[in-house]
1. What residue among A:Val182, A:Val82, A:Val104 shows peak mean-square fluctuation when chain A is described by a Gaussian network model with Cα springs under 10 Å?
2. Computed from the mean reciprocal separation of all distinct C-alpha pairs, what Kirkwood hydrodynamic radius does chain A have, in Å?
3. Taking H placed 1.01 Å from N in the peptide plane, check which residues at least 5 places from A:Ser150 or on another chain put their amide H under 5 Å from its amide H.
4. Order of A:137-145, B:7-15, A:59-67 by packing, highest average Cβ count within 10 Å first?
5. Compute the relative contact order of segment A:17-205 as a whole-number percentage, counting only Cα pairs closer than 8 Å that sit 6 or more residues apart in sequence.
6. Please average, across the residues of B:87-98, the number of beta carbons from any other chain that are within 10 Å of each residue's own beta carbon, and give a whole number.
7. Go ahead and run the numbers for FRET between B:Arg119 and B:Val259, Cβ-Cβ distance against an R0 of 30 Å, rounding to 0.05.
8. From the phi angles alone, apply the Karplus equation (6.51, -1.76, 1.60; θ = phi - 60°) to segment A:231-236 and give each ³J(HN,Hα) in whole Hz, x where the residue is Gly or Pro.
Amino acid sequence: MPEFIDDFLFTYQTLVYSLGINGLLALSMYVVLALGQLSLGQAAFMGMGAYVSALLTVKIGAPFLLVLLAAMLVPALAALIVGAPTLRLSGVYLALATIGLGEVQRIFFLNSELTGGALGLSGIPMKGGLVSIYGSLGLALVAFIFVARSKIGRAMEAMREDELAAGALGVDLPAYKLAALVVSAMLAGLAGALNAHVTSFISPEDYGFHAAVSILSYALLGGIGSPFAPVLGAFILTLLPEVLRSLADFRGVVNGAIIVLVVIFMPRGLMTWRMGRIGASTRRPS
Amino acid sequence: MLAQQLVNGLVVGSIYALFALGFTLMFGVLGVINLTYGFYLSIGAFLALFATQHGVSIWLALPFAALACGAIAVVVDGLLLTPLRRAKAPELASLMVTLGATLLLYSLANAALSTDIRRFPPSVIDGSAIDLLGVRVTLTQCLIVGSAGALVAALLWLMNGSRLGMGLRALAERPDTAALMGVNAGALVRLVSMISGGLAGACGVLIGLNYNAIQPYMGEVMMLKGFAVIILGGLGDIRGALVAGLIIGLLETLTAGYVASSVKDAVGFALLVLTLWIRPSGLFGRIAVKRA
């Protein structure tokens, strides 16, 4: 690697890592939002992945790939338990149940000896890095682009615009919703595991309400027209406090205000470009 | 021992019921899950704290805090939710707006008030316990149980026995048609926000008195119980809020007493998920659950 890249990475390593991880988190939010659902459990799934992976690495010394796999499977299971009953109902039920999941998990992490209580877990080996983080982000992006251009993507968009109509046209609504939630939980779990293995320290408060709302703000700011949009949102909101140092202490205020303003004034987000479909002309009749 | 546990559970349950009342009323009439609701509880407790620190009697501070929180709720609703209602935005949009507002408001409150736990001046209310057949009860606890019962009765009468309630129910059913029938929708929306915010504020004062620990995030902790209560009771149902609040409060207290206090906080969530699996419309699910 040329020297200047090395220097750059040395100085901005944490920032470069968090850009990729937040990008992944934004994508995990995108999968759910893209079909008109709202999960507020992304931070909880992320925390689940972080703790599972950290425990496996530290206590058992399992190989990294296996650890990442486990960090995706455990949140997926949680998503099934919470999602299966709620996704048949109107959207607010999923939102409420997933906020509840996050809170209960936080209390569990705080009180359990296994997870180190309020002190969290430290000394997690730095097994993650540029390759694993940006590799995951790249793979996820490519996968979502293919999905968005396929029949599945069309079904998702139809559900977002009008659920009843989509259902009447034969879209299996509960199956799509559950699949989306499970995929989103897996991505968030992966992001959590990668984060734990580059920061070497995790604590229960990292995965609370603030984190959940921040992840939502990434996707809302970017928009959900294409998989690139939420990643763009995540990059902007991760860079913003770095560029404007004085904002760093008011991250909660900024993220909260962005959600409020975007939902009221810019419901489609910053990047409104919609991806064309395979076999469809790119120009849409207006 | 058991009698004392049951009484404690009754008190905790009444707190949950009181808290969930305004939350469920907002959902029942306005059709939105307003996540800023917990914030009014925190602010209510702080307003009463500041008032009593300046020598105001708690009996004056309590209604003052309730009114102020009601007014804040009206302003928040007018600024954030009315535009969305006018634009006929999807229901999740309003949930997201209140979510963003919640983060914003808490972050501001945190910066302004700090997370230190504060306490009421000791002379604020008579803290001595009365001995009732071997069970210790404080004045605050009586006040909590009494006001929970009275407020549920009052709200039920308002909704089902008054002309105003007919308007509210019409608004809940179908806002456009209600407006055509001469219901002043804007005024009723503000009224519901006022009542709900006031209930949250009053509940914050009572919780502050009962536990004597006030900090900005106390409302957020309560929200988790609030979700469990309104889902177990049935979204938007006033009787449901009371019954579910009592059930969760009693179960939590018994769990803490006979199992372990560390699992106490999981009780509400376990009931929430169980309700969604078995009977998603809740105990009193009058409002049909919208199935996709």
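1. A:Val104
2. After inverting the mean inverse Cα-Cα distance, the result is 19.3 Å.
3. none
4. Values: A:137-145: 16.6, B:7-15: 22.4, A:59-67: 13.1.
The densest-packed peptide leads the list: B:7-15, A:137-145, A:59-67.
5. After rounding, I find 47 percent.
6. Numbers: counts 2, 0, 3, 6, 5, 10, 5, 3, 7, 14, 6, 3.
Counting Cβ atoms of other protein chains within 10 Å of each residue's Cβ and averaging gives 5.
7. Details: r = 30 Å, r/R0 = 0.99.
FRET efficiency, B:Arg119 to B:Val259: 0.50.
8. Computed from phi, the couplings for segment A:231-236 are 5, 4, x, 4, 4, 4 Hz.
Computed from the coordinates by the stated procedures, all read-outs in this text should not be read as laboratory data. Note that the coordinates shown come from a computational prediction; the quantities given were computed from them, not determined experimentally. Don't worry about glycine lacking a Cβ; one is built from the backbone with ideal geometry, like all the others, and counts go over all protein chains shown.
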